[in-house]
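Here the structure comes first, spelled out in structure tokens, and everything after it is commentary.
The values are calculated or read from the model by the stated rules, or taken from the named source; none is laboratory data. Remember, it's a predicted structure, so these values are computed and weren't measured experimentally. No Cβ is skipped: glycine too gets one built from the backbone with ideal geometry, and neighbour counts run over all protein chains shown.
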Amino acid sequence: MNIWIAIGVTALGCYAVKLAGLLVPAGALERPLVRRLAALLPVALLAALTAQQTFADGRTLVLDARAVGLAAAAVALMLRAPFLVVVGAAVAVTAGVRALGG
Amino acid sequence: MTSAGSGLTLLQTCALSLLVFTGASQFALVGALAAGGSPFTAAAGAFFLGVRNAFYGLRLSQLLALPRAVRPFAAQWVIDETAAVSLAQPTRRSARIGFLVTGLSLYVLWNLTTLLGALGAEAIGDTDAWGLDAAGPAVFLALLAPMLRTGTERLVAGLAVLLGLGLLPVLPAGVPVLVAAFAAPAVLWAQGRRRGTGRGDAKERSDAPARGGIPEEDR
């Protein structure tokens, strides 16, 4: 049930901001500070989420096969690999390290 | 996809994809729920990731000039990809076609792959052994990398990583990510302040670290 609540709240919220962009008169959100903040918020959230999902096990910090997988993804990104290759590299390397007993 | 490995049912996974339809928010919600976060902190993180779509909508509404009656239907497709394609078109007509084609094909493909991924994950069983728990952070990293254009973005990202990891052991699940979001206004505020003090109030800036340092030396 909790999951359905979360899905419902997220769906409504995400739809509302999409619609707001189309309906709101241009001046209201075009202030430079608001634009800068809207561009930087995803940066902060994505960085924190990346770090947590790589190094967190519940509420403790660990260094395991996922870190190696993420490093592979970072290398793939630097080589300008397409999205699916980046994700595939992370998955394959993580599985490989685990298979080797890492 | 990864959500099936995080305790969501097939129906929940597909509903999330159909209703939310903005990738980063979906992954964030799933990740926060998997970590044991409450539905509301999880939804808040996902919501903040979706806020950028409002700014795509702003640009698109001028470009596409859609009739008011159509806007509620078009809104669901206002995402990174449709904005990128539409804004790159030279004319209003081609922008509208670009928006429609990109929106429709992505919506169908995205939800089909979600269904297949969820079915596949159910069939695999132990998703961790296949390294699928690394897919989530890799997706975030791939979304994040093109955003790190200047020092400001990198500073925000670095601060957010420190906050997100540092607060993880002490705050309830899902909350550290929301606190990490404050890295964005904090860096903007610090930059605005530096610019402000640079103009004439340099004295206050040089005093500040000294004042902050004294109590530490006393200890």
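The condition of being of a type in the set (Asp, Glu), surrounded by 13 or more Cβ atoms within 10 Å (Cβ to Cβ) and at pLDDT below 85 does not hold for residue B:207. Pick from the range B:113-143 the residues that are of a type in the set (Gly, Ala, Ser) and not in a helix (DSSP H, G or I): which of them is nearest to the chain's Cα centre (by Cα)? If we take residues in the range B:113-143 being of a type in the set (Gly, Ala, Ser) and not in a helix (DSSP H, G or I), then B:131 is nearest to the chain's Cα centre (by Cα).
So which of B:71, B:59 is surrounded by 13 or more Cβ atoms within 10 Å (Cβ to Cβ), under 30 Å from residue A:50 (Cβ atoms), in contact with a helix residue (DSSP H, G or I) (Cβ under 9 Å, 6 or more places away or on another chain) and not hydrophobic (A, V, I, L, M, F, W, C)? Give the derivation first.
On the way: B:71 fails: under 30 Å from residue A:50 (Cβ atoms).
Only one candidate passes the filter, namely B:59.
Listed by first and then second residue, the pairs with beta-carbon distance under 6 Å, at least 6 apart or on different chains, first residue in the range B:174-195 and closer than 16 Å to residue B:154 by Cβ and in the same structural domain as residue B:24 (by TED's automatic domain parsing), second of a type in the set (Ser, Thr, Tyr) and outside any helix (DSSP H, G or I), form an empty list. Can you tell me how many residues within the range B:130-163 are of a type in the set (Gly, Ala, Ser), facing chain A (nearest Cβ under 7 Å) and either over 17 Å from residue A:56 (Cα atoms) or touching a strand residue (DSSP E or B) at 6+ places or on another chain (Cβ under 9 Å) (or both)? Residues flagged as of a type in the set (Gly, Ala, Ser), facing chain A (nearest Cβ under 7 Å) and either over 17 Å from residue A:56 (Cα atoms) or touching a strand residue (DSSP E or B) at 6+ places or on another chain (Cβ under 9 Å) (or both) within the range B:130-163 amount to 3.
Could you list, in sequence order, all residues of the range A:72-90 that are more than 10 Å from residue B:141 (Cβ to Cβ) and either more than 7 Å from chain B (Cβ to nearest Cβ) or surrounded by 22 or more Cβ atoms within 10 Å (Cβ to Cβ) (or both)? The answer is A:72, A:75, A:78, A:79, A:80, A:81, A:82, A:84, A:85, A:88, A:89.
Exactly one residue out of B:29, B:8 is out of contact with any strand residue (DSSP E or B) (no Cβ under 9 Å at 6 or more places or on another chain), of a type outside the set (Phe, Trp, Tyr) and not in a helix (DSSP H, G or I): that is B:8. Residue B:165 falls short on exactly one of the conditions (1) within 22 Å of residue B:38 (Cα to Cα); (2) in contact (Cβ under 8 Å) with a residue 12 or more places away in the chain, and that condition is (2).
Any residue in the range A:57-68 that is small (Gly, Ala, Ser), surrounded by fewer than 20 Cβ atoms within 10 Å (Cβ to Cβ) and touching a helix residue (DSSP H, G or I) at 6+ places or on another chain (Cβ under 9 Å)?
First, the residues of the range A:57-68 that are small (Gly, Ala, Ser): A:58, A:65, A:67.
Among the residues that remain, those that are also surrounded by fewer than 20 Cβ atoms within 10 Å (Cβ to Cβ) are: A:58, A:67.
So of that shortlist, the ones also touching a helix residue (DSSP H, G or I) at 6+ places or on another chain (Cβ under 9 Å) come out as A:67.
Yes, some residue in the range A:57-68 is small (Gly, Ala, Ser), surrounded by fewer than 20 Cβ atoms within 10 Å (Cβ to Cβ) and touching a helix residue (DSSP H, G or I) at 6+ places or on another chain (Cβ under 9 Å).
Picking from residues in the range B:84-128 that are under 27 Å from residue B:15 (Cβ atoms) and among the charged types (D, E, K, R), the one that is surrounded by the fewest Cβ atoms within 10 Å (Cβ to Cβ) is B:126.
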